[in-house]
Amino acid sequence: LHRVDEPSLALLALLSQELRSVPLAIVASVERDAESSSTVAQQLFTETAKSVTLENLTSADSRLLLASVFGEVPNLDTVTNAVFQLSAGNPRSIMQLAQHLLDRGLVRYEAGAWSLPARFDAGAMPESMSGAYRARIEGLPENARELAVAFSLSPGLHATLEECAA
């Protein structure tokens, strides 16, 4: 919700105000540490919203999430333990680490099944989530990194896909 544009937020606020008696659920999320600009539309939305704080997953729940991705395959517990240590159960981080493992070739999909490592060599897993982000950025082509830097330095910048490609 903290990233939505003002007209979309206004529409959501109006829906939340006008449709109280209709069996409609509007589900929105806000990052815990996100900067919040308290607009009229956001205030209207939060007046009718029910706030639910999501907790990090337990190790068992993290295993279930990874099993939903990879299936009940050998070495799932090894991967779960390594991923849970870094992610602390944050679902987004778990999925990003699963992608990291795939990008590094540590997990593979062959003949209709996932193959997971029995152990991790030193350096196979990042030391932190920051390290996972850094590795992902370093894996980008130079022009993609330059574009990312330009966007990070110009938060109000809006560019079309064609402009980005150019």
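The values are calculated or read from the model by the stated rules, or taken from the named source; none is laboratory data. Note that this is a predicted model, so its numbers are computed, not measured. Backbone-built Cβ (ideal geometry, glycine too); neighbour counts: all protein chains shown. Just the protein is used for accessible areas: all its heavy atoms, side chains included, with ligands, DNA and RNA removed. Shrake-Rupley method; radii C 1.70, N 1.55, O 1.52, S 1.80 Å.
Data overview
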| quantity | calculated |
| --- | --- |
| Residue among Ser87, Ser51 that is within 28 Å of Leu1 (Cα to Cα) and either open to solvent by 30 Å² or more (accessible area, probe 1.4 Å) or in contact with a strand residue (DSSP E or B) (Cβ under 6 Å, 6 or more places away or on another chain) (or both) | Ser51 |
| Meets criteria (within 22 Å of the chain's Cα centre (by Cα) and either touching a residue at least 24 places away in the same chain (Cβ under 8 Å) or open to solvent by less than 80 Å² (accessible area, probe 1.4 Å) (or both)) for Leu153 | no |
| Test: Leu76 is in contact with a helix residue (DSSP H, G or I) (Cβ under 7 Å, 6 or more places away or on another chain), open to solvent by less than 70 Å² (accessible area, probe 1.4 Å) and either at pLDDT 95 or above or among the aliphatic types (A, V, I, L, M) (or both) | yes |
| Test: Arg136 is open to solvent by 70 Å² or more (accessible area, probe 1.4 Å) and in a loop (DSSP other than H, G, I, E, B) | no |
| Failed item, numbered, when Gly123 is tested on (1) over 21 Å from Glu31 (Cβ atoms); (2) in a helix (DSSP H, G or I); (3) without any contact (Cβ under 8 Å) to a residue 24 or more places away in the chain | (2) |
| Residue that is surrounded by the fewest Cβ atoms within 10 Å (Cβ to Cβ), among those in the range 1-30 that are closer than 22 Å to Gly156 by Cβ and modelled with pLDDT under 80 | Arg3 |
| Failed item, numbered, when Val79 is tested on (1) in a helix (DSSP H, G or I); (2) over 14 Å from Pro126 (Cα atoms) | (2) |
| All positions within the range 31-48 that are of a type in the set (Val, Ile, Thr), within 12 Å of Leu9 (Cα to Cα) and either at pLDDT 75 or above or open to solvent by 100 Å² or more (accessible area, probe 1.4 Å) (or both) | Val40, Thr46 |
| Selected residue (only one of Ala144, Ala118 is open to solvent by less than 80 Å² (accessible area, probe 1.4 Å) and more than 20 Å from Gln96 (Cβ to Cβ)) | Ala118 |
| Enumeration of residues in the range 96-113 that are within 18 Å of Thr80 (Cβ to Cβ) and either open to solvent by less than 60 Å² (accessible area, probe 1.4 Å) or among the polar types (S, T, N, Q) (or both) | Gln96, Leu97, Ala98, Gln99, His100, Leu101, Leu106, Val107, Ala113 |
